[in-house]
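The values are calculated or read from the model by the stated rules, or taken from the named source; none is laboratory data. Bear in mind the structure is a predicted one, so any value in this text is a computation, not a measurement. Note that we place each Cβ from the backbone using ideal geometry, even for glycine, and neighbour counts take in every protein chain shown. Quick note on the areas: whole protein, heavy atoms, side chains included, nothing else; ligands and nucleic acids left out. Shrake-Rupley method; radii C 1.70, N 1.55, O 1.52, S 1.80 Å.
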Amino acid sequence: MFFEEYEKCTLCPRMCKVNRNKNLRGFCGETSTLRMGRASLHMWEEPCISGERGSGTVFFAGCNLKCCYCQNYKLSRGQEGVELGEKSPVDIFLDLQKQGAHNINLVTGEHFAPHIREAVLSARKRGLEIPVILNSSGYVTEQTLEYLKDVIDIYLVDFKYMNSVISENYSMAQDYPQVVKTALEKMYNLAGNPVLDENGILQKGIIVRHLCLPEHADDSKEIIRYIYNRYGENVLLSIMSQYTPFGNCEKYPELTRKLTSQEYDEIIDFCIDLGIENAFVQEEEAASESFIPEFDGKGVVF
């Protein structure tokens, strides 16, 4: 499908300007052909996202970050993922709603923003009523967020790093800290404060996720301090302990092990001392390969 936004692609901060409509691959690793890894109910998001019936997660192939520890690296690097064939994203969204999903959860899909916008608008005309989530790495432009503003209700956004040296080393993105701050500001202007329904399921707003990394408690604290000082509890904070070594971490020995309970407790204690009263936290068993889905095309192809 032709979208002019792919003609000289500037959908992400890489601004690679590749003509993806000519079957060329951008920095994200994808052409303009929509590819996905899986679409299914997911029970392991934050409670206000998964609820009792699950979040309708849709995993997109490719990614504009190159995190050396990425747990979904086979999909993010394009090794896995399938073209949709006869099944459209509209069908996928409506199927998930029919299965009882509380929301449509678009995981790392900003580089397919034109497909997403058209599909959500079409799905709503055909009866899609549940909220749509942009599940983002945080490495996204204001322009793309503006482009998607009419179709996104909730932002589930990572804030990975405050230190630009760390972001360059681990994700090949020295500008990540400034980009995510700008993106978060735009998201807050679009979504505002959290709105939950009578069952505690998020309908509108922002959840900021931070994945704590081994030996980087100081950077985690700076991120948490920034979010709390800027937004208070007008955004929901999720502090994640699930780091599991994946991908290509050999260059960074500190990333070849899981987070210790002592490291995580230190960060949680910092939150308490800072005055944070509400945040999502994880148990140690969250750092498990069993939480990583198979990107086998389930729910994507007939």
Using only the alpha-carbon atoms, how far is helix 89-98 inclined from the longest principal axis of the chain? Give it as 0 to 90 degrees, nearest 10. 60
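Based on the Cβ-Cβ distance from Arg124 to Glu185, what FRET efficiency comes out when R0 is 22 Å, to the nearest 0.05?
Working: r = 27 Å, r/R0 = 1.22.
Once the sixth-power term is evaluated, E becomes 0.25.
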Would you mind computing, in nm to one decimal, how far apart the modelled labels at Asp95 and Val195 are, each placed 7 Å from Cα along Cα→Cβ? 3.0
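Quickly estimate the mean residue ellipticity at 222 nm for the chain, helices only: each DSSP H run with n ≥ 4 gives -39500 (n - 2.57), and the total goes over all residues, rounded to 500.
Details: 9 runs with 90 residues, N = 302.
Rounded to the nearest 500, it is -8500 deg cm²/dmol.
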With a point put 7 Å past each Cα toward its Cβ, work out how far Glu277 is from Lys251 in nm, to one decimal. 4.5
Students often check this: by mean Cβ neighbours within 10 Å, which of 44-54, 190-200 ranks highest, and how do the rest follow? 44-54, 190-200
For a test of the definition: using alpha carbon positions, the gyration tensor, and the 1.5 limit on a/c, classify the range 42-158 as rounded, prolate or oblate. rounded
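Excluding Glu118 itself, what net charge comes from residues whose Cβ is under 13 Å from its Cβ, given Lys and Arg +1 and Asp and Glu -1? Working shown, then result.
On the way: positive: Arg117, Arg124, Lys125, Arg126; negative: Glu4, Glu5, Asp150.
Net of charged neighbours comes to +1.
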Measure off 7 Å from each Cα along the Cα-to-Cβ vector at Lys204 and Glu222, then give the distance between these two points in nanometres to one decimal. 3.5
Net charge within 15 Å of Ile49 by Cβ-Cβ distance, Lys/Arg positive one each and Asp/Glu negative one each, not counting Ile49 itself? -3
Going by alpha carbons, how many degrees (0 to 90, nearest 10) lie between the helix axis of 261-274 and the longest principal axis of the chain? 90
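When the accessible area of the chain is split by element with a 1.4 Å probe, what percent falls to carbon and sulfur? Don't skip to the answer; put the middle values down first.
Details: 6250 of 13490 Å².
On the chain, the fraction of accessible area on carbon and sulfur atoms equals 46 percent.
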With +1 on each Lys and Arg Cβ and -1 on each Asp and Glu Cβ, how big is the dipole of the chain about its Cα centre, in debye rounded to the nearest 20? 1300
Among Cys48, Leu24, Leu11, which residue has its Cα positioned farthest towards the positive end of the charge dipole of the range 1-49, with +1 placed on the Cβ of Lys and Arg, -1 on the Cβ of Asp and Glu, and the dipole taken about the Cα centre? Leu24
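Note the full-extension length gain between Ile268 and Lys298 as 0.36 nm times their separation in residues minus their Cα-Cα distance, in nm to one decimal.
Going from the current span to full extension adds 7.2 nm.
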Students often forget the sequence filter, so: which lysines lie under 27 Å Cα-Cα from Lys221 once same-chain residues fewer than 8 apart are removed? Lys66, Lys160, Lys181, Lys186, Lys204, Lys251, Lys258
